[in-house]
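Okay, so here's the structure we're looking at.
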Amino acid sequence: MSGGRAAGRDVVALSRSHLVARLVTCAAGALFVVALVAAAGPNVWVVLVMGVAVALASWQPHTLLPMFVMVYLLANWVVWVPTASSLTLSPWTLLAALGLLVFHTGAACCATVPAQAPLPPAWWRLNGGRVAVVGAATTALWLLAGVLSGAELGGGIVPALVAVGCLAVAVIAHYRAVVAKV
Amino acid sequence: MDTSVSATSVSARSAARPPWKMTYAHARAFLLSGVGVLLAVLIRRPDLIVLVFPLILVTGWGVITRPSSLPTAALRQSHTMMREGETAYLRVDVTPVAGQDFSAASASTSMYVEAPRGANAVVIATPKPGVTLTSSVRLRATRWGRRRLGPVVFGGTSAWGAFRFGPTPIEALGITVVPQPAAFDSSAPAPSPRGLVGRHRSTRPGDGSEFAGIRAFQWGDRLKRIHWARSLRSGNLHVSTTHADQDTHVAVVLDAHYDLGRSEGLDSRPSSLDLSVRAAAAVSEHFLAHGDRVSLRVLSHRAPMTVPAGTGSRHGVRIMDTLAQVVPGPPLSSRLPPLQLRPGALVVMVSAMVSPDAATSAATLAGAGFSVVMIDTLHDQVQPADDEALALVAWRIRMIERDHEIGAVIRRGVPVVPWVGPGSLDGVLRQLGRHRR
């Protein structure tokens with residue numbers, strides 16, 4: 001109960017710019033939901049739950065809630081979007097990826113500054129610029145994926161093993177660079 | 001008197017310095033990247049790669065730009081003294097490190113120290129490492145006394161909110177909050193001025209500005225004082241005389257033995273001691289502004305204090321500083337300590353008159369020939385804290401006794417004035433002045 005009251009006080013004390021940042025975060029999550037609806041048209045209840053989850057995560061960005069919500073959003077994408085290549089790499093996929101990027105960035109940046117402090121213009125410029133750079137790279141990858149999906153590439157177990165090996169190396173590198181130093 | 005311009009600078013540095021820590025956001029990006037890529041490979045979903053690709057970039061960017069050293073922050077205050085109701089600025093000097101995007105500072109509020117909306121926290125952009133940046137947070141003190149501003153918690157964040165420094169506390173800084181004098185303006189003269197300088201009209205003739213009369217010329221009179229019209233009519237030289245302008249010694253006695261009622265700050269309901277302290281501040285400032293000598297005596301068992309007679313704005317600051325240190329404490333005996341006043345002093349006793357001691361002391365001083373005025377600072381809203389019928393009855397009985405004591409002290413020639421702000425003392429001071437002449 002006291003946690004709920006604290007959360008309520010947190011929202012009441014929000015500065016105007018911080019409120020805008022959280023609304024942007026919520027809107028980005030909603031963009032992902034819209035893209036999912038457009039790409040696959042899931043159950044209405046699922047859409048409703050996703051909307052509520054996104055709003056809750058925007059309300060409490062400094063908790064673990066955004067992680068669970070993003071896992072839930074991705075799981076719904078995997079479940080509802082058909083596996084036909086024409087749909088999996090449609091423009092809605094790019095829109096969903098950009099929505100997920102802004103949602104994550106908004107939640108991450110809102111969680112690291114006091115809620116009652118006004119956000120300086122530099123905060124918007126810096127984070128906006130970075131989102132634009134990563135968004136552009138994502139768009140490039142989406143275009144590349146679209147081109148490659150039309151090509152006839154040899155499959156098999158080898159590419160999968162290489163991908164899993166790369167992932168393992170990345171995890172070990174991250175552990176040694178970050179977790180072991182903390 | 002400007003008490004808020006003290007140029008003293010006090011600073012405190014953050015003591016404990018924890019390292020940069022990974023945030024939930026970075027863990028989230030890392031976890032979703034790994035799971036997304038693994039899932040995409042295993043179930044052959046290239047769209048999952050596109051979805052988590054931004055998170056992969058964000059994770060890598062966050063790790064590469066992770067700060068390796070620790071930022072520093074120091075806290076300063078530009079004033080060591082301010083009036084209640086005014087806003088204090090706490091300046092936070094931040095020296096960021098490479099890889100740090102933003103710093104944030106937030107000041108805690110406490111009893112009688114509040115923050116205007118959004119003013120006690122600040123986010124500082126730190127684009128250049130090693131360059132000290134200054135930002136400030138604001139806090140407002142709502143009651144006189146020794147207050148603490150802070151503590152302030154300070155933190156920093158790296159790119160994409162991936163790593164976080166702090167929040168680490170910086171210890172609070174002390175500040176003296178002097179009372180806001182209640183609105184008070186008296187145009188009446190002090191009753192028996194004795195000093196050499198001042199603005200009050202003396203009972204004796206002398207070099208002053210207020211006309212006293214016309215008399216025959218005597219050797220030593222100034223030529224500019226000759227009243228030519230009267231001199232021509234009478235055929236003898238006459239001069240106009242004036243009353244001397246003199247000052248007086250105003251002894252402010254503050255009865256701080258009890259504090260009744262709950263103080264809710266400057267903007268809300270005051271306690272009896274709040275009213276007493278503000279009234280004493282107003283009376284002191286008023287007479288100091290008129291060039292009088294003012295002394296202060298605080299009657300409290302826990303913190304008895306005395307400020308000898310003096311004049312000028314610096315003396316006013318000293319009196320305000322003393323008033324800010326008032327702590328209520330009931331007396332050990334019913335006899336008040338001797339006040340050691342010189343003849344001719346005007347004694348202004350500020351008291352809630354809860355116990356008969358103050359009234360007794362005032363009557364004794366009046367019997368010794370002093371001009372004494374009592375200011376009653378017990379307001380109607382003061383009631384017993386609990387709603388018990390017995391407490392209410394006891395309170396009513398005490399109030400009846402108090403009325404009798406006030407009547408008795410008035411019959412001894414001590415006027416008792418309820419504190420109502422502007423002009424509270426005018427009538428009384430005029431009566432005392434006429435009586436003395």
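Summary of values
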read-out: At R0 = 51 Å, FRET efficiency that the Cβ-Cβ distance of residue A:59 and residue B:368 yields, to 0.05; value: 0.10
read-out: Hz values of 3J(HN,Hα) by residue in the stretch B:147-153 - Karplus curve (6.51, -1.76, 1.60), Gly and Pro given as x; value: 10, 10, 9, x, x, 9, 9
read-out: Size of electric dipole in the stretch B:364-408: Cβ of Lys, Arg +1 and of Asp, Glu -1, about Cα centre, debye, nearest 20; value: 200
read-out: The stretch A:3-151: projected area of the alpha-carbon convex hull, averaged over directions, in nm²; value: 9.2
read-out: FRET efficiency, 1/(1 + (r/R0)^6) with R0 30 Å, evaluated for residue A:137 and residue A:46 via beta carbons; value: 0.50
read-out: Dipole axis of chain A (+1 Lys, Arg; -1 Asp, Glu on Cβ), positive-most option in A:163, A:19, A:43; value: A:19
read-out: Surface accessible to a 1.4 Å probe, residue A:65 within the full protein complex, Å²; value: 60
read-out: Rg(Cα) / (2.2 N^0.38 Å) computed for the stretch A:9-77, rounded to two decimals; value: 1.15
read-out: 10 Å Cβ neighbours from other chains, averaged over peptide B:22-35; value: 6
read-out: Inter-site label distance for residue B:318 and residue B:138 at 7 Å from Cα along Cβ, in nm; value: 3.5
read-out: Area accessible to solvent at residue A:172, 1.4 Å probe radius, in Å²; value: 100
read-out: A versus B: buried accessible surface, summed, Å² (probe 1.4 Å, to nearest 100); value: 4600
read-out: Sequence-distant residues sharing a close amide H with residue B:72 (under 5 Å, placed H); value: B:95
read-out: DSSP-loop trypsin sites (Lys or Arg not before Pro) across the stretch B:256-342, with at most 14 other Cβ within 10 angstrom; value: B:262, B:302, B:335
read-out: Placed amide H near residue B:140: partners under 5 Å, 5+ positions off or other chain; value: B:88, B:114, B:115
read-out: Test item: Cα-centred dipole of the stretch B:263-399, Lys/Arg +1 and Asp/Glu -1 on Cβ, debye; value: 680
read-out: Amide H partners (placed H, <5 Å) of residue B:101, local residues excluded; value: B:157, B:158, B:159
read-out: Per-residue HN-Hα couplings for the stretch B:160-168 [Karplus 6.51, -1.76, 1.60; θ = phi - 60°; Hz; x = Gly/Pro]; value: 6, x, 6, 10, 10, 10, x, x, 10
read-out: Chain A: angle of helix A:91-111 to the longest principal axis, Cα-based, in degrees nearest 10; value: 40
read-out: Rounded percent of accessible protein surface that carbon and sulfur make up, the stretch A:3-151, 1.4 Å probe; value: 77
read-out: Radius 15 Å from Cβ of residue B:175, net charge of other residues (Lys, Arg +1; Asp, Glu -1); value: +4
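The values are calculated or read from the model by the stated rules, or taken from the named source; none is laboratory data. All of these numbers come straight from a predicted model, not from anything done at the bench. As a convention, Cβ positions derive from the backbone with ideal geometry for all residues, glycine included, and neighbour counts pool all protein chains shown. Only protein heavy atoms, including side chains, enter the accessible area calculation; ligands, DNA and RNA are left aside. Shrake-Rupley method; radii C 1.70, N 1.55, O 1.52, S 1.80 Å.
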